[in-house]
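Novice: Encoded as structure tokens, here's the structure I'll be asking about.
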Amino acid sequence: MAGDVRTLLNIQKQKRDELNLSLLEGVPTWAYISAKAARFLAVGAEIYQKQDYFHYPLPEWNIKKLIIGCEQIIYNCAGLPSPETCFINLSETEVIYLFELFHFSNTGEIQYKDNSIAEMNFIHKMDKRKYSAYYKIEVNTHG
């Protein structure tokens with residue numbers, strides 16, 4: 001969903017205020033992530049890739065799933081370091097690619113909080129800040 005960055009960030013701020021998560025640990029890093037997500041939605045994958053230091057997203061990444069992840073960041077405050085703001089309808093690999101888009105590498109550490117939520121740990125490629133995000137584990141009900 002395209003739109004200007006300011007509009008997307010205002011929508012996201014309203015949702016964050018509704019959730020009363022403004023004082024949560026990790027918000028400065030999440031603000032960086034949400035700004036990058038808003039930019040990706042505003043300019044699209046092709047322009048984002050041309051202007052990105054690492055030329056992300058890579059061609060093999062599922063752009064539709066990156067859009068879904070970025071929309072969840074903006075509209076639902078997904079990605080805040082809390083199980084209540086977990087990503088949904090994204091696989092483990094898709095969450096990893098989403099954070100790669102923002103220059104975070106997966107550390108390989110995954111902690112399962114219960115049968116439906118997992119915490120993944122990331123580190124920024126340039127400044128080495130650490131970050132955790134949660135995602136809902138999708139159960140394959142098709143056998």
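Novice: Quote the FRET efficiency, to the nearest 0.05, computed for Lys125 versus Ile88 with a Förster distance R0 of 25 Å and r equal to the Cβ-Cβ distance.
Specialist: The calculated FRET efficiency here is 0.45.
Novice: Let me spell out the model: positive unit charges on the Cβ of Lys and Arg, negative unit charges on the Cβ of Asp and Glu, origin at the Cα centre of segment 47-136. What dipole size does that give, in debye rounded to 20?
Specialist: Computed charge dipole of segment 47-136: roughly 180 debye.
Novice: Tell me, what is the percent relative contact order of segment 5-136, built from C-alpha pairs under 8 Å that lie six or more residues apart?
Specialist: Averaging sequence separation for qualifying contacts and normalising by length gives 22 percent for segment 5-136.
Novice: Mind checking the full-extension length gain between Lys136 and Lys50? Use 0.36 nm per residue of separation minus the Cα-Cα distance, one decimal, nm.
Specialist: In short, 27.8 nm is gained.
Novice: Shifting gears a bit: With a 10 Å Cβ neighbour count serving as the proxy for reagent exposure, in which order, fewest first, do Glu92, Glu60 appear?
Specialist: With the fewest neighbours first, Glu92, Glu60 line up as Glu60, Glu92.
Novice: Please express the Cα-Cα pair-distance distribution P(r) of segment 5-136 as a list of whole percents, one per 5 Å bin, running from 0 to the bin with the greatest distance.
Specialist: Using 5 Å bins, I get a P(r) of 2, 11, 22, 25, 22, 13, 4, 1 for segment 5-136.
Novice: Could you list the residues of segment 68-90 with an amide nitrogen less than 13 Å from a label point located 7 Å from the Cα of Gln14 in the Cα-to-C-beta direction?
Specialist: Counting backbone N atoms under 13 Å from the label point, the list is 75-76.
Novice: What order, most packed first, do the peptides 105-115, 38-48 have when packing is the mean number of other Cβ atoms within 10 Å of each residue?
Specialist: Output ranking for 105-115, 38-48: 38-48, 105-115.
Novice: Grab the Cα-Cα distance for Arg6 and Ser105, subtract it from 0.36 nm times how many residues apart they are, and report the gain in nm with one decimal.
Specialist: My answer for the length gained is 32.9 nm.
Where a number appears in this text, it was derived from the coordinates with a stated rule and is not lab data. Values in this document were obtained by computation on a predicted structure and should not be read as measured data. FYI the Cβ positions are ideal-geometry reconstructions off the backbone, even for glycines, and counts take in every protein chain you see.
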